[in-house]
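Everything below concerns the one structure shown next.
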Amino acid sequence: MQVITNIKGLVQVLPSSTRRVKGKDMQRLKVLKNAFLLFDKGVILDYGSMRKWTEMAAAYPRIKETDASGRFVFPTFCDSHTHIVYAGSREIEYNDKIRGLSYEEIAKRGGGILNSCDRLRKASENELYDAAWQRLQEMCAYGTGAAEIKSGYGLDLKSELKMLRVIARLKASSPLTIRANFLGAHAVPREYVGRQTAYVDLIVKEMIPAVAKEKLADFVDVFCDKGFFTVKDTGRILDAAAKYGLRPKIHANELALSGGIQVGVKYGALSVDHLEYVGPAEIKVLKGSDTMPTVLPGAAFFLGMPLSPVREMMDAGLPVALASDYNPGSSPSGNMQFVMSLGCIRYKMYPEEAVHATTINTAAAMGVSDMLGAISKGRKANFFITKEIPTYEYMPYSFGGNKVEKVFLGGKAI
Ligand code: NIG
Ligand code: FE
């Protein structure tokens, strides 16, 4: 049994039954002042005012206490969209980008995802595991307690399975809560250039059955966008995945009004991600669904993409989630504090909205909002204590640096 006492502000207190926060409700954030947080066996037991704790404390004579005077406690971030299993980095394209080449032009020249694919195929499982482990550690130090991780740099059966096995090992060994997403349809590999349908056949007939047989994925992903996979390809892949109970979480509408949102919703996607191109038709489709609209501010920032209409989506009553998209090509950072800052600075989200978007709503986007994403009785004791900061708004305001002092996952200090 442990308790955190004298918490200046206990942020994101929600009822145990809340699974997502949408529309105008995102503007309200519950912050308990001068609070305590009691937890045991990895689960939150109670919270409340210090006055209440003073009355209760005698019943817990040997409890381990951590004093959080001057500090805030937040639930850890859930990062519902990452590609952190990769080999090497891609500063060469970064140079090209600075000189004016677009993401699509770089991809057409054989750079982009295929560049990472060449390197990943050569890397050993252990090398990939060690590099991804480092990235997870760094994400955790910045307050992330859960991550969805995608395959998608292997692009052949052997290499996709290699990536997914790395994710399975991370799942088994890391204190972070991890979910695996099979993204065979990330790009058409070199050996299939000009034969996209044949590559989709391979995904449908060989990759998905093999991935499902080894139970290596929780979800299935497709990059459904201009210049990548079509709505028809996506439907075929999602049909095949549905046979094995793999729910979609897809890349959609980053480069155009691609129909990706519609096909994602049609197949009951847990989330559709990127969403730089969203019009009234897309908002209408999302309104009638449980699919979480997920925006990736780091990628839009890094690539100089148009901004997703986040305010319009929230005004329409939709929830919005913000994730890092940590990957070597479009978002080489997993700093969710910075993602919050970008949400506020560039998308004009209020700090309260940015908290919901990076905690409960990203938890929903990776299917774990019953146990993560908020401070509630019965939820997992995943939270962080900040450094001494004046207000919770300071979190997105002071951008770039690390305001997290100590992270607890499953009730254990990391
Ligand atoms: O989410 N948009 C597609 N895929 C990744 C980029 C991956 C890469 O460039 O390596 C993304 O931005
Ligand atoms: Fe991505």
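The values are calculated or read from the model by the stated rules, or taken from the named source; none is laboratory data. None of these values were measured; they are calculated from a predicted model. Glycine gets a Cβ as well: all are built from the backbone with ideal geometry, and neighbour counts include every protein chain shown. Areas reflect the complete protein model, heavy atoms only, side chains present, ligands, DNA and RNA absent. Shrake-Rupley method; radii C 1.70, N 1.55, O 1.52, S 1.80 Å.
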Report summary line: For SER258, the residues 5 or more places away or on another chain with a placed amide H closer than 5 Å to its own amide H are ASN253
Query - Estimated Rh, segment 293-414: Kirkwood, alpha-carbon pairs, angstrom - result: 15.0 Å
Report task. Sorted from largest down, give the three principal axis spans of the alpha carbons of the chain, whole angstrom values. Result -> 71, 44, 43
Requested in this report: Can you tell me the 0 to 90 degree angle between the C-alpha axis of helix 336-347 and the longest principal axis of the chain, rounded to 10?
Outcome: 80 degrees
Query raised in the report: What accessible area per residue comes out for the chain, rounded to a whole number of Å², with a 1.4 Å probe?
Result: 39 Å²
Query raised in the report: Regarding segment 57-113, what whole-number volume in Å³ per residue does the convex hull of its Cα atoms give?
Result: 204 Å³
Query raised in the report: Counting alpha carbon pairs within less than 8 Å and at least 6 residues apart, what relative contact order, in whole percent, applies to the chain?
Result: 23 percent
**Report entry** Amide proton proximity set for ASP46, modelled H, under 5 Å, gap of 5+
**Finding:** LEU38
Report summary line: In Å, the Kirkwood hydrodynamic radius from C-alpha pairs for segment 1-90 sits at 15.4 Å
Report task. Rounded to the nearest Å, what's the spacing between the alpha carbon centres of segment 229-255 and segment 293-355? Just the number, please. Result -> 23 Å
Query raised in the report: Karplus couplings for segment 296-307 from phi (6.51 cos²θ - 1.76 cosθ + 1.60, θ = phi - 60°), rounded to Hz, Gly and Pro as x?
Result: 10, x, x, 5, 5, 5, 5, 8, x, 7, x, 8
Report summary line: Computed over segment 108-239, the convex hull of the Cα set has an average projected area, in nm², of 8.2 nm²
Query raised in the report: Please report, for the Cα atoms of segment 292-340, the Rg to one decimal and the Dmax as a whole number; what are they, in angstrom?
Result: 11.1, 34
Query raised in the report: Which value, in Å² rounded to 10, gives the accessible area of GLU125 with a 1.4 Å probe and all protein chains present?
Result: 60 Å²
Query raised in the report: At a 1.4 Å probe radius, carbon and sulfur cover how many percent of the accessible area of the chain?
Result: 53 percent
Query raised in the report: Among 356-362, 208-214, 147-153, how do they line up from the highest to the lowest mean number of other beta-carbon atoms within 10 Å?
Result: 356-362, 147-153, 208-214
